[in-house]
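Inspection log for the structure reproduced underneath, given as structure tokens.
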Amino acid sequence: MKPEPGQLKRIGKRISGGDYNYRRFAKFAMLAAILLLLLACSTGKQSTWDPVGPVAEKQLFMFNVLLWVMAVIFIAVEGILVYAAVRYRHRPGQGLPKQTHGNMPLEITWTIIPTILIMALAIWTVVVLYEIDEPPASADDVLNVHVTGHQWWFEFEYEDAGGGKRIVTANEMKIPVDRPVRLTMESDDVIHSFWVPKLAGKVDIVPNRTNHMWFQADSAKIDSLPAIFYGQCAEFCGIAHALMKFQVRVLSQEDYAAWVTNYGSPPTTTAQAQKGQQLFGQCVMCHSIDGNNDSSAQDGRKEVFLTGGALVPAPNLTDLRTRGTLAAGLLDLNKENFKRWVNNPNAVKPGNLMQARAAHLYGSGQLSISDSDLDALAAYLLNLQ
């Protein structure tokens, strides 16, 4: 079907942009770019622009150097381009300029200068990365923490938290201020990534591979203690990836030593706590409380899981009462949120394995224990009086 002349005119006008306000679009694009730039410069909870330790500080310095060098080069090149376009633009009555092909000195210049610049930046970058790869050789009090990424939570194991004491906890890493912390990281399922922006850049946690990183929280850069720094899994790892959060809590040397000393099984000084301890026996297929430094139960669950068994590792709850959050940093830790989480974990964190693995407690889709039993379990694990 042949279009009418009027239709062709309207189509041509639409293609040429006559029906679009390009000036308005340009203003919108500029405002969007400014907004994105401002968001990138945020100094919020997970900002890389507010480092509190030597690793994050050097990484930010390296980023700024590379950014400004590239910005200067970009402005210089674009400036020369604009100058050439204006200076040598076609003018009315002007004939075709002399045509040339190649300029050896100029081509050598613009090849050698970028090569030298790129090599210098590359060498400097590699040197800085090696400097922050391991704690300083002068540091003789490095705290070693083994990190395991699970779907969708982090496990932290201190083989020697202090005085030879082994500690296993989850989703909250407690560290002393001004002390280097070296992390040995593994995954028991899929690829994860450990990232605490204010302390260090992200490092991937890959199955069947061990990665390392370190960081330190400097007291000179922290307003008050205890200080909380927020972390996040930075590699998509499944349905609950966005909810795989954790915290690093920086304590004074004295408070950290007290936490290590007091780490152990929850006290059972009340009848309700004793009842809760008995009820917890229904949870030990996945969870554990190893106040006696016994790692066999936790390690056994992990081995069964890795070989395809039905058991699955779950957070160690020995020190749950000392944590500030629940469900991998999603909820503040208190009795109400504890009951909300246990009653319906999928409503809080979709995709988690708690209901699926604890079929004996959630067989009908609802928690089978009574509200009073849940109160007793909270009294035991949270040390409520």
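The values are calculated or read from the model by the stated rules, or taken from the named source; none is laboratory data. Remember, predicted model here, so these are calculated numbers, not experimental data. Cβ placement follows ideal geometry from the backbone for every residue including glycine, while neighbour counts extend to all protein chains displayed.
Each row is one residue, and each column tells you yes or no for (1) surrounded by 14 or more Cβ atoms within 10 Å (Cβ to Cβ); (2) out of contact with any Lys or Arg (no Cβ under 6 Å at 6 or more places or on another chain); (3) small (G, A, S); (4) assigned to a helix (DSSP H, G or I).
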{"site": "I75", "(1), (2), (3), (4)": "no, yes, no, yes"}
{"site": "L81", "(1), (2), (3), (4)": "no, yes, no, yes"}
{"site": "A85", "(1), (2), (3), (4)": "no, yes, yes, yes"}
{"site": "Q94", "(1), (2), (3), (4)": "no, yes, no, no"}
{"site": "A120", "(1), (2), (3), (4)": "no, yes, yes, yes"}
{"site": "W124", "(1), (2), (3), (4)": "no, yes, no, yes"}
{"site": "E134", "(1), (2), (3), (4)": "yes, yes, no, no"}
{"site": "V147", "(1), (2), (3), (4)": "yes, yes, no, no"}
**OP:** For Q247, state whether it is assigned to a helix (DSSP H, G or I) and out of contact with any His (no Cβ under 8 Å at 6 or more places or on another chain).
**Re:** no
Subject >> L31 vs. criteria more than 30 Å from P114 (Cα to Cα), loosely packed, with under 10 Cβ neighbours inside 10 Å and at pLDDT below 95 >> reply: no
**OP:** Taking only segment 186-200 into account, find how many residues are within 17 Å of V52 (Cβ to Cβ) and assigned to a loop (DSSP other than H, G, I, E, B).
**Re:** 3
**OP:** Considering every residue within segment 55-65, establish whether at least one is assigned by TED's automatic domain parsing to the domain that holds I222, more than 30 Å from G231 (Cα to Cα) and touching a residue at least 24 places away in the same chain (Cβ under 8 Å).
**Re:** no
Subject >> Which listed residue is touching an Asp or Glu at 6+ places or on another chain (Cβ under 8 Å), surrounded by fewer than 17 Cβ atoms within 10 Å (Cβ to Cβ) and in the same structural domain as G149 (by TED's automatic domain parsing), from T184, T210 >> reply: T210
**OP:** Could you please let me know if G162 is of a type outside the set (A, V, I, L, M), touching a residue at least 12 places away in the same chain (Cβ under 8 Å) and out of contact with any Leu (no Cβ under 9 Å at 6 or more places or on another chain)?
**Re:** no
Original post:
Filter segment 252-277 for residues that are buried (at least 18 other Cβ atoms within 10 Å of the Cβ) and touching a strand residue (DSSP E or B) at 6+ places or on another chain (Cβ under 6 Å); which is farthest from Y380 (Cα to Cα)?
Top reply: Y256
Subject >> Members of segment 359-385 that are at pLDDT below 90, out of contact with any Leu (no Cβ under 8 Å at 6 or more places or on another chain) and among the hydroxyl-bearing types (S, T, Y) >> reply: Y362, S364, S370
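Of a type in the set (A, V, I, L, M, F, W, C) and crowded, with 19+ Cβ neighbours inside 10 Å, is that true of I239?
Considered against the rule, which asks whether it is of a type in the set (A, V, I, L, M, F, W, C) and crowded, with 19+ Cβ neighbours inside 10 Å, I239 comes out as no.
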Subject >> segment 351-385 - residue that is surrounded by 16 or more Cβ atoms within 10 Å (Cβ to Cβ) and of a type in the set (S, T, N, Q) and, of those, farthest from the chain's Cα centre (by Cα) >> reply: N383
Original post:
Which members of segment 43-73 meet the condition of being surrounded by 15 or more Cβ atoms within 10 Å (Cβ to Cβ) and closer than 18 Å to M119 by Cα?
Top reply: M62
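A quick yes/no check of all residues on (1) more than 22 Å from A257 (Cβ to Cβ); (2) among the polar types (S, T, N, Q); (3) assigned to a strand (DSSP E or B):
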site: N144; (1), (2), (3): no, yes, yes
site: F154; (1), (2), (3): yes, no, yes
site: A161; (1), (2), (3): no, no, no
site: I175; (1), (2), (3): no, no, yes
site: T184; (1), (2), (3): yes, yes, yes
site: K202; (1), (2), (3): yes, no, yes
site: S224; (1), (2), (3): no, yes, no
site: Q232; (1), (2), (3): yes, yes, yes
